[in-house]
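Contents: one structure, followed by commentary.
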Amino acid sequence: QVHLVESGGGLVQPGGSLRLSCAASGSIRAIESLGWYRQAPGKQRELVATFSRDVGTNYADSVKGRFTISRDNAKNTVDLQMNSLKPEDTAVYYCNAKWGRIDYWGKGTLVTVSS
């Protein structure tokens, strides 16, 4: 069992920055990857960025150069630094952990980019 707790969502102006954090607890030793997904109103949930111990980082094309994912294995956290935010980044952001065929999800945190 893996429990994910997210923090850092909120309201930010276009061009601003925001940092999301996800803390994992439970059976975390066997986690294969940690990452962030998002779902905008009326849209499908999409991958934002992931960090795998085997293959490294992976980013959606829409966030490359603006977002940075980092993982601290000692603290069991994964962060998402979001810079140069755009209104189209507005979405509910979900933390995700993969263990074998099982996906664990956080409850989501809302990021609103608006002037």
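The values are calculated or read from the model by the stated rules, or taken from the named source; none is laboratory data. All values reported here derive from a predicted model rather than from experimental measurement. As a convention, Cβ positions derive from the backbone with ideal geometry for all residues, glycine included, and neighbour counts pool all protein chains shown. Just so you know, the surface numbers come from the protein's heavy atoms only, side chains and all, with ligands and any DNA or RNA stripped out. Shrake-Rupley method; radii C 1.70, N 1.55, O 1.52, S 1.80 Å.
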Here the net charge surrounding residue 64, from other residues whose Cβ is less than 15 Å away from its Cβ (Lys, Arg +1; Asp, Glu -1), is -1
If Rh is defined by the Kirkwood formula over all Cα pairs and Rg also comes from Cα, what ratio Rg/Rh do you get for the chain?
0.95
Ignoring ligands, DNA and RNA, what accessible area per residue does the chain give at 1.4 Å, in Å²?
56 Å²
For residue 86, the lysines lying under 25 Å Cα to Cα, once residues fewer than eight places off in the same chain are dropped, come out as 43, 64, 107
Could you give each residue of the stretch 63-80 its phi-based ³J(HN,Hα) in whole Hz, using Karplus coefficients 6.51, -1.76, 1.60 with θ = phi - 60°, and x for Gly or Pro?
10, 4, x, 10, 10, 9, 9, 9, 10, 10, 5, 5, 8, 6, 10, 9, 10, 10
Just to confirm my numbers, what's the Cα centroid distance between the stretch 1-35 and the stretch 46-78 in Å?
10 Å
Only Lys, Arg, Asp and Glu count, each charged at its Cβ (+1, +1, -1, -1), so figure out the dipole size of the stretch 67-109 about its Cα centre, rounded to 20 debye.
180 debye
Sparse-neighbourhood loop sites, trypsin sites (Lys or Arg not before Pro) in the stretch 49-115 - DSSP loop, at most 12 other Cβ within 10 angstrom:
53, 64, 75, 101, 107
Restricting to Cα pairs under 8 Å and 6 or more apart, the percent relative contact order of the chain works out to 37 percent
Where the accessible area of the chain is counted over protein heavy atoms with a 1.4 Å probe, how much of it, in %, is carbon and sulfur?
48 percent
With θ taken as phi - 60° and the coefficients 6.51, -1.76 and 1.60, list the Karplus ³J(HN,Hα) couplings across the stretch 106-115 in order, rounded to whole Hz; mark glycine and proline as x.
x, 7, x, 9, 7, 10, 10, 10, 7, 8
